[in-house]
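So the structure is just underneath, and the comments pick up after that.
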Amino acid sequence: MQESASTGQQAWERATTQIAAIRAELAKVVVGQDRIVEFMLVALLCRGHCLVVGVPGLAKTLLVSTLGNVLGLKFRRIQFTPDLMPADITGSEILQQQKGEGGRRVFEFAPGPIFANLVLADEINRAPPKTQSALLEAMQEKQVTAAGKVFPLDEPFLVFATQNPIEHEGTYPLPEAQLDRFFFQLNITYPARDEERDIVVRTTGRATPAAEQAIGATDVLALQDAVADVPLPEHVLDTILHIVRRSRPDSTEADKFVKQYVAWGAGPRASQNLTRAAKALAFLHGRPAASIEEVVDAAPAVLRHRIIPNYNAVGEGVSAADIIEHILGGIE
């Protein structure tokens, strides 16, 4: 028993060291955005995909690409455009000449950029729904079907998609089914004055800061397994269920405010993701078990793209953020 406890302590110390190394390397390139970085790490540890929303110039692409380099993962970037086709993402069959005299011509599958560990879908709402849907199977099933064959994707596999909230012309809103497959929606805001000063100083000289690899893909998988083993007390689970069920206007746990302003609430996937997020935050904070504090902290990122305000809310200026704030009110 003592040997087992010693092994567990060593594994915990190693994980803590690895997380600290990841944060340190990211900080070399990305200034500020500490909360966004933490929640990206939470999504990573929970095997969850992220939708990152922010205006241009806030280092969304830089943050994701740097994360891939620091983690030692195979990284691919897909720039979504109106003419992007599904095969441009998943890959397609190409007619190849077999080697040797009299070699036959055969079709061989050429994998697309989706065959990576960390995929950046840049400006995902620029592509039409047909192309956006090409991501769905990969995101949910961790596989790609092409030419009647199924090709599994290597683990870890994560999709981080970016979206510009300003421009709406020439964009295609993500369908609710695809939004629900994103673990978090992270909203990036402008940096503070001191942070912006640091950005200018770092990026306008001769040398450009670069991050080094801190861990590898095997270490990432081990960290994901460790998070899954974090205990979840019964009262914390009850709180998670209450929060999610309170967001549904047809639920007995919903109050008058929710019934008046919500068209559709969060589904069971929100309960699952909120549970995983609470465990991951506890892991990052060095706590032995998930608590209600982590649940409340993670809830906005889990719920903001899953709660749909109704016409009353739109007419009265009540946003999804307002509804989430109301739902979390009184949770202790």
Legend entry - Checking A270 against (1) touching a Gly at 6+ places or on another chain (Cβ under 8 Å); (2) buried (at least 20 other Cβ atoms within 10 Å of the Cβ), the condition it does not meet: (1)
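Take the residues in segment 66-100 that are among the hydroxyl-bearing types (S, T, Y) and closer than 17 Å to F115 by Cβ, then tell me which one is modelled with the lowest pLDDT. Full working, then the answer.
First pass over segment 66-100, keeping only residues among the hydroxyl-bearing types (S, T, Y): 66, 81, 90, 92.
After this cut, where a residue has to be closer than 17 Å to F115 by Cβ as well, the list is 90, 92.
On the way: T90: 87, S92: 80.
The residue in question is S92.
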Legend entry - Number of the exception - A210 against (1) hydrophobic (A, V, I, L, M, F, W, C); (2) assigned to a loop (DSSP other than H, G, I, E, B); (3) within 30 Å of P288 (Cβ to Cβ): (3)
Legend entry - Hits in segment 273-304 (condition: surrounded by 22 or more Cβ atoms within 10 Å (Cβ to Cβ) and in contact with a strand residue (DSSP E or B) (Cβ under 7 Å, 6 or more places away or on another chain)): N273, A301, V302
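Can you pull out the residues in segment 125-138 that are more than 16 Å from L84 (Cα to Cα) and in contact with a Leu (Cβ under 9 Å, 6 or more places away or on another chain)?
Step one: list which residues in segment 125-138 are more than 16 Å from L84 (Cα to Cα), which gives 137-138.
Hit for segment 125-138 is A138, nothing else.
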Inset, instruction - Could you tell me whether segment 305-315 includes any residue that is over 22 Å from R47 (Cβ atoms), in contact with a strand residue (DSSP E or B) (Cβ under 8 Å, 6 or more places away or on another chain) and buried (at least 22 other Cβ atoms within 10 Å of the Cβ)? - result: yes
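Which of the helices (runs of 4 or more DSSP H) found entirely inside segment 216-332 contain at least 1 residues meeting this: over 22 Å from R35 (Cα atoms) and polar (S, T, N, Q)?
Working: elements: 217-228, 234-246, 256-261, 268-284, 292-303, 311-316, 320-328.
Ranges flagged: 217-228, 234-246, 256-261, 311-316.
Results for (1) closer than 26 Å to A217 by Cβ; (2) among the basic types (K, R); (3) loosely packed, with under 14 Cβ neighbours inside 10 Å; (4) in contact with a Leu (Cβ under 8 Å, 6 or more places away or on another chain), shown as yes or no for each residue.
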residue	(1), (2), (3), (4)
P156	yes, no, no, yes
F160	yes, no, no, yes
P173	no, no, yes, no
F182	yes, no, no, yes
V200	no, no, yes, no
R206	no, yes, yes, no
Inset, instruction - List every residue pair whose Cβ atoms lie under 6 Å apart, where the two residues are 6 or more positions apart in sequence or sit on different chains, the first residue falls within segment 19-30 and is of a type in the set (A, V, I, L, M), and the second residue, located anywhere, is loosely packed, with under 15 Cβ neighbours inside 10 Å. - result: V29/P209
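The values are calculated or read from the model by the stated rules, or taken from the named source; none is laboratory data. Please read these numbers as outputs of a predicted model, since none were measured by experiment. Glycine also receives a Cβ, built like all others from the backbone with ideal geometry; neighbour counts cover every protein chain displayed.
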